[in-house]
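Just so you know, all these numbers are worked out from the coordinates, no wet-lab data involved. What you see is a predicted model, and the numbers here were worked out from it, not measured in a lab. All Cβ positions, glycine included, derive from the backbone under ideal geometry; neighbour counts span all protein chains shown.
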Amino acid sequence: MEEPVPDGVAAQRERLAEGLRAYGARFTELGRRFAVQIGVHSTDAFALLEIASAEQRGLPLSPALLSRRISLSSGAMTALLNRLEQAGYVTRTREHTDRRIVTLHSSKQVKELADEFFGPVNGRQDAVLSQYPSELLQQFETILAQLCSTMGAQFTPPDSDT
């Protein structure tokens, strides 16, 4: 039997996973603090961040897509969106030709609050990332996407031939 190599792929995966877990924990804490600052539950704050981020990428979310991204049932998603709409943080529109499709948009107010809250940390992260060549960052994006895909495969039921 072959001895495990301390610097082999499995060891690198573990080190990367630990770094990603630590980053995720810090991101979660930031999101929790943002929620406290704007007076909403942390789940609501993460929903707002998903909505705003999707809009920024030019791909606004529907309630169904948002529920998949933050793992909420349709009933819980409806309650969450009702709260955010009542707070003036979100609007639901029907701009698609199929009027049954609802699109979510974050308010100008929530965008300003998020920019004010996350601006300093985003600036510090940009300073770190600017130290690396664009090609390396693109490779890192590719690696993250592939790692996420492999984890997502765990949730997909296997094809059955019966």
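The residues neighbouring residue 107, those whose beta-carbon lies less than 13 Å from its own, together hold a net charge of -1 under the Lys/Arg +1, Asp/Glu -1 convention.
Within segment 76-130, the trypsin sites (Lys or Arg not before Pro) that combine a DSSP coil assignment with at most 14 other C-beta atoms in a 10 angstrom radius are 94, 99, 100. For the chain, a simple Cβ point-charge model (Lys and Arg +1, Asp and Glu -1, everything else neutral) yields a dipole of about 820 debye relative to the Cα centre. Dividing the mean sequence gap of close Cα pairs (under 8 Å, 6+ apart) by how many residues the chain holds gives a relative contact order of 14 percent. For segment 54-162, GluC sites (Glu not before Pro) meeting the loop criterion (DSSP other than H, G, I, E, B) and having at most 10 other Cβ atoms within 10 Å: 95. Rounded to the nearest 20, the size of the Cβ-charge dipole of segment 4-65 about its Cα centre is 80 debye, with Lys and Arg at +1 and Asp and Glu at -1. Note: relative contact order over segment 82-162, using C-alpha pairs below 8 Å and six or more positions apart, is 15 percent.
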